[in-house]
Structures are given as structure tokens and as C-alpha cells.
1. If the only charges are +1 at each Lys and Arg Cβ and -1 at each Asp and Glu Cβ, what is the size of the charge dipole of the range 229-385 around the Cα centre, to the nearest 20 debye?
2. Over the range 328-425, what percent of the accessible surface lies on carbon and sulfur atoms, probe 1.4 Å?
3. Specify which residue in the list Tyr404, Leu371, Leu347 is farthest towards the positive end of the charge dipole of the range 329-425, using unit charges on the beta carbon of Lys, Arg (+1) and Asp, Glu (-1), about the Cα centre.
4. How far apart, in nanometres, would the label points at Val393 and Asp186 be if each is projected 7 angstrom from Cα along the Cα-to-Cβ direction?
5. Please give the length that would be gained between Asn367 and Ala114 if that part of the chain were fully extended, namely 0.36 nm times their separation in residues minus their C-alpha to C-alpha distance (nm, one decimal).
6. Provide the FRET efficiency to the nearest 0.05 for the Arg80-Asn150 pair, computing r from the beta carbons and using R0 = 51 Å.
7. Between Leu342 and Ala134, take the C-beta separation as r, use R0 = 45 Å, and let me know the FRET efficiency to the nearest 0.05.
8. If you take every residue apart from Gly254 with its C-beta less than 11 Å away from the C-beta of Gly254, what net charge results, scoring Lys and Arg +1 and Asp and Glu -1?
Amino acid sequence: MSYAPDGQQYQPYRPEGQIPQPPQGDRYGRPYGRPPQGQQDPYGQPAQYAPHDQYAPHDQYGQHGPYEEPEPPRRRARGRRWLIAGASVLALAGIAALVLNHYEIPPFTDKGSAVSFGKTPAGDGKKNGNAPSANSKMLMPTGPAAEFKNSMTLPDGTHVAVTTLDGKKSGFKGKVWVWAPKEYDDPKFAKSGFPVMIALPGGAGYPSNYWMGTDLGLQTSISKWYAEGKSKPFILAMPVLNPGPDDKGVYWDGSDIPGQPKMGTWLTEDVPDLMKANFRTVKSRDGWAFMGSSTGGFAGLKAVLKHPDKFKAVIASGPDIVPDSSLWKGHEKEKAENNPELLAKQLIDSKGPEVYLAFQVGDSENNKKTLPDVQKFVATYGNKGPVHAELKVIKGGQHNAKTYVPNMGEGPVQYISKVMEGPVE
């Protein structure tokens with residue numbers, strides 16, 4: 001940056017005594033003054049010369065410059081400018097659309113729009129002549145229909161939708177996200193009931209259920225596994241797991257702890273009722289399963305062992321094996337009634353309905369007790385009487401959903417899919 005003392009205007013350096021002179025002639029090299037008689041310019045016209053006193057505005061030295069005639073218009077340059085301007089407008093429009101979509105501003109996103117699943121309104125099967133036969137394995141939607149809003153749309157056009165469920169049996173009110181594979185709307189399955197998997201997260205599981213996000217790939221994985229013949233085309237129910245945030249290790253074990261919200265009833269009664277009311281499902285327990293990780297794995301495991309008449313299988317990833325919420329203090333009897341070890345023993349002793357427990361645990365989990373605890377459980381109760389169990393140890397696997405989802409397709413989901421039903425008519 002050049003510097004000039006205050007009050008002085010910067011002038012470029014010129015050697016002493018040298019004063020620049022204006023160019024001798026106009027822009028075409030024609031001399032100033034009157035032309036010789038009959039001389040023509042380069043365009044074949046009588047030469048027109050600018051007199052010496054006609055100059056353009058001051059040049060950089062403060063001198064008058066010669067007068068210049070305007071250039072003829074250049075059509076190519078103008079077309080190029082229009083092209084650049086048009087491209088700029090399109091680019092700005094694209095950026096604006098992305099911004100509006102990111103902030104979920106209609107019409108650039110369909111988030112929040114109403115979503116319906118299937119072609120038959122809930123509770124309207126008989127009215128439309130779609131009532132199944134008396135011996136059908138399929139249960140038509142019973143109604144009343146819930147109000148589902150789109151949470152996100154997947155590349156295959158399916159939707160993850162959310163509703164607020166006011167649990168009539170538990171008294172708890174919370175959000176439930178749902179997803180159905182594209183086969184659910186396929187005309188060839190129009191009279192088929194689909195299996196349901198209730199997917200539970202780890203941690204607080206409140207105010208959202210992380211399985212509802214597509215970043216973990218649960219939904220797309222189920223579609224992929226089904227196409228590969230590894231999995232049933234499960235409908236997913238993804239409820240909140242707890243009634244509040246995980247506050248300093250306080251959580252509810254997915255159970256009915258005395259004096260607390262009845263989260264066990266919420267998961268095993270209200271959520272299934274929601275799915276039956278709005279989807280074509282399987283009448284028997286052969287179409288109902290749980291899946292969960294960490295605390296959600298414990299809740300799903302306990303639900304299947306406690307209610308084998310309603311649920312047939314579970315995929316439990318990195319689960320706790322015994323209830324450990326601090327809220328059980330003073331309620332030892334109820335705590336025992338929600339202990340998977342004791343529930344498994346009771347089921348074996350009573351020769352109750354068969355259940356299928358698919359465990360998967362990483363060998364690098366942060367809780368070093370998780371793997372040996374699951375191994376002990378499988379060795380003690382697995383494959384005895386009605387309790388069937390299988391354990392997949394994930395080499396290098398850690399305690400997180402990103403470890404569990406891809407490994408589900410290599411064992412656990414096949415294990416439970418072999419014993420479950422759906423789609424069925």
C-alpha cells in the first residue's frame with residue numbers, strides 16, 4: 001500500500017523534467033488536424049479527424065487525452081454475460097432450496113406432512129370388502145387411525161413418520177416413530193399381514209429414539225436383508241424408551257417400577273396396540289419381536305421372557321442382563337419380576353412358549369462385564385426347554401449402534417426370521 005503525507009495527493013514518480021505527452025493521433029492511428037484532400041479512413045469513408053482541442057476526460061497524469069469513438073456493440077460478449085447471469089441465478093436458486101430444505105421450510109421439504117400407510121383406512125376393512133377370512137393369519141387395522149406426520153423420506157419413497165401416543169393402559173403419553181418397507185404398499189401384499197419389530201435405543205431413549213434416524217441405516221438394512229432373503233420385511237415401531245432424560249444414571253429399565261410411569265406396559269401393551277390399530281399385522285405372537293441395544297436390549301429381552309405369549313423373539317445387542325435402575329430401591333419383589341435370569345428359569349420350569357433370543361456383543365465394549373455376563377446367561381439358560389439362544393461375538397466391536405446394525409444382518413436377523421411369520425394372509 002502506497003503512503004502519502006497528510007494533505008498531499010499521491011502522484012506517480014516521474015524522472016525530473018519529464019512530462020508525459022498526449023498520444024499523437026486518435027485510437028486508429030489517424031493524425032489530428034484536417035485530412036489531406038480525398039483521403040479515406042480504414043472503413044472506406046472520408047477520414048474524420050478530431051481537432052487538437054477535443055480530448056477525452058483527464059488521463060492518469062491530469063492531462064487531456066484524445067477523444068475516442070465508442071466501440072461497436074459486441075454480440076458475443078453480451079450473450080456470454082447473459083449466460084453467466086443465468087447460471088448464477090440457477091446456482092443461487094439451488095443454494096436457496098438447499099437452505100430451505102435444511103431448515104425444513106415447505107415446499108422444499110415434506111417433513112411434517114400427513115402420512116398414511118396402506119390403502120385401507122384403519123378399522124375400515126369390512127366396509128371396503130377387504131375383511132380377511134375367519135382362519136386368516138392376518139389382522140386388519142383395527143383403528144382408530146393415528147395422526148402420523150412425516151419425519152423423513154427415504155430414497156425408496158418410504159417414510160419414517162411420528163405420532164404422539166396417549167397410552168390408555170400405561171397412562172404414559174409419548175412419541176412413537178414408525179416405518180413400513182415398500183412391500184407394505186405393494187399390491188401383491190395388499191391382503192397380507194406384516195411382522196412388527198419394536199426397536200429400542202440405548203441410553204435415555206428420550207425425547208427421541210435414535211433408530212428413527214436414517215444415519216444408522218436400520219430401515220435401509222431391513223429392505224436390503226429382505227431382498228437378500230435374510231430377513232422378514234419388518235414394520236418398525238420406535239417408541240421413546242423412558243419418560244424423561246437419563247439424569248445422572250436414573251432410568252426406568254423399560255419396566256413398571258412402583259411410583260413411576262409404567263414404561264413396561266407402555267412398551268408391551270400400548271405400542272403394540274398402536275401398530276395393530278394402524279397396520280396389517282400378524283395375529284399371533286409369531287409376527288412380533290423386539291430389537292434393542294444396551295438398555296433397550298435389556299428391555300426387549302425382559303419383555304420377551306416376561307410375555308412369551310405376545311412376543312416370540314428378540315435381538316439384544318450389548319444388553320444388561322439384570323435390572324439395575326436405582327429406582328428399584330425398596331421394591332425388591334417387583335425388581336425380581338423383571339429380572340431376565342429369573343424369568344428365563346421360570347419359563348424353562350413351566351415349559352412355556354418357545355422364545356428365541358439372538359445376542360450380539362462386541363469384544364471391545366467399554367463395559368468389560370457385558371460379554372462375560374451374556375456368555376454366562378446363554379450357557380445357563382440358552383437352548384434349554386423353550387428358551388433358545390444364540391450369541392454372536394463381534395470382533396473389534398464396540399458398544400454402539402454403528403457396530404450393531406451391520407452385524408445384525410450376519411446372524412441375528414436370520415436367526416429370528418427363520419422362526420417368525422410374515423407376510424401372511
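The values are calculated or read from the model by the stated rules, or taken from the named source; none is laboratory data. Predicted, not measured: the structure shown is a model, and the values here were computed from it. With ideal geometry, Cβ positions are generated from the backbone for all residues, glycine too; neighbour counts draw on all protein chains shown. These accessible areas exclude ligands, DNA and RNA; they are computed on the full protein's heavy atoms, side chains included. Shrake-Rupley method; radii C 1.70, N 1.55, O 1.52, S 1.80 Å.
1. In total the dipole reaches around 500 debye.
2. Roughly 49 percent, rounded to a whole number.
3. Result: Leu371.
4. Taking the two extended label points, one gets 3.8 nm.
5. 86.9 nm
6. 0.70
7. 0.70
8. Local charge sum for Gly254: 0.
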